[in-house]
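Quick notes on the structure that follows.
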Amino acid sequence: MEAVVSTQSTWEPMGDDAIEGACPSNMDANDQRTWTPMMVMPVEEPTAHPNASGPTVDIYKISGDVESIRAELEHMSSNMSTGPRYVTDDPALNREPPSIHDQERVWVSYFHSGYFYEAVIDNHNGPNGIEVTYRDGDHQNDVERDEIFALEDWDADAKVWRRSEHGDWDMAMVQTATPMTGDAGGMQYELMMGNGDIVTEWNDWEQVRPEFNFELGDHVWAERDGNLRWFKGVVTNMFQQGDDAMGYRQYDVTYTNGETDVGVRAPYMFLIHPKRIISVEGAGMDEEGICQIVESSCNP
């Protein structure tokens with residue numbers, strides 16, 4: 001059998017003479033074109049809404065939309081005789097979330113995630129927002145006001161929800177409220193359950209929550225499907241369950257993505273701010289019309 005001879009040439013590196021010929025020493029004679037970028041002035045980083053007052057508002061945070069729209073409406077109202085104004089003759093508008101104070105024990109949306117964890121307020125007037133320290137030692141210095149759940153104190157006969165051993169929430173009635181002394185502070189409650197049992201609970205968001213009466217149009221946080229993560233939404237329907245002392249309301253909550261949860265109870269909700277009734281004198285424009293203008297101006 002005859003041997004097959006390969007005709008494939010082998011590769012050899014270029015010598016010094018070949019390299020010098022390929023790369024001329026006189027670079028002036030080289031016709032290579034060079035590209036010079038245009039001088040572009042840097043754009044300033046956005047900070048506060050131009051009409052906002054007080055602490056800087058980061059419009060990209062979870063509550064920036066609420067704050068920037070509120071600032072814009074207040075600016076228009078103060079500078080235009082027919083600008084939009086809040087209608088304050090509705091008592092429902094006087095409802096607010098519980099106030100907060102330094103060194104208070106609260107529950108905070110962990111780094112804007114929608115998961116709320118126990119923390120203590122270090123400074124509620126920090127330069128970048130509210131400063132908190134979580135129970136595990138993590139520190140956050142840019143918390144927004146509407147990212148904090150605080151518990152108010154309840155008096156006797158107040159209706160609350162108590163977490164059961166199975167993780168659900170049962171209606172209860174406050175019998176007594178006792179202020180606690182020492183470093184822990186807070187309140188201890190004696191509760192009467194629907195079956196008549198008397199239990200004692202500490203004022204802990206994970207154990208006791210209020211039976212709050214929300215109204216149509218309220219902006220709220222809601223815990224979707226009880227999965228521990230909370231989302232922003234609006235109360236779009238409400239109905240009463242029972243007429244006795246243990247009766248309560250249920251709500252439909254429509255989220256910012258358009259989805260709706262039906263029959264949500266108060267322990268799975270927290271008030272951000274009450275419904276906003278807005279009027280524009282002489283313009284015949286309601287809240288929906290203003291929201292359409294805001295939406296169209298933000299989405300050209």
Might you check whether a residue that is closer than 25 Å to ASN94 by Cβ and over 21 Å from the mean Cα position of the chain (by Cα) occurs anywhere in the range 163-172?
-> no
Restricted to the range 168-181 and to residues being assigned to a strand (DSSP E or B) and of a type in the set (A, V, I, L, M, F, W, C), the residue nearest to TYR110 (Cα to Cα) is TRP169
So is VAL199 in contact with an Asp or Glu (Cβ under 7 Å, 6 or more places away or on another chain) and open to solvent by less than 50 Å² (accessible area, probe 1.4 Å) or not?
-> no
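Residues checked against (1) closer than 20 Å to PRO97 by Cα; (2) at pLDDT 90 or above:
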position: HIS166; (1), (2): no, no
position: TRP169; (1), (2): no, yes
position: PRO179; (1), (2): no, no
position: PHE212; (1), (2): yes, yes
position: VAL220; (1), (2): yes, yes
position: GLY242; (1), (2): no, no
position: VAL253; (1), (2): yes, yes
Do we find a residue being open to solvent by 20 Å² or more (accessible area, probe 1.4 Å) and at pLDDT below 90 anywhere in the range 260-273?
-> no
Within the range 182-196, considering residues that are on the phi < 0 side of the Ramachandran plot and assigned to a loop (DSSP other than H, G, I, E, B), the one most open to solvent (accessible area, probe 1.4 Å) = ASP183
For the range 104-113, state whether one or more residues are touching a strand residue (DSSP E or B) at 6+ places or on another chain (Cβ under 9 Å), open to solvent by 40 Å² or more (accessible area, probe 1.4 Å) and at positive phi.
-> yes
Under 6 Å between Cβ atoms, at least 6 apart or on separate chains: pull out the pairs that start in the range 203-220 with a residue that is on the phi < 0 side of the Ramachandran plot and among the hydroxyl-bearing types (Ser, Thr, Tyr) and end on any residue that is assigned to a loop (DSSP other than H, G, I, E, B) and surrounded by 17 or more Cβ atoms within 10 Å (Cβ to Cβ).
-> none
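The values are calculated or read from the model by the stated rules, or taken from the named source; none is laboratory data. These figures come from a predicted structure and were not determined experimentally. Positions of Cβ are generated from backbone atoms using ideal geometry, with glycine treated the same way; all protein chains shown enter the neighbour counts. Ligands, DNA and RNA are excluded from the accessible area calculation, which covers all protein heavy atoms including side chains. Shrake-Rupley method; radii C 1.70, N 1.55, O 1.52, S 1.80 Å.
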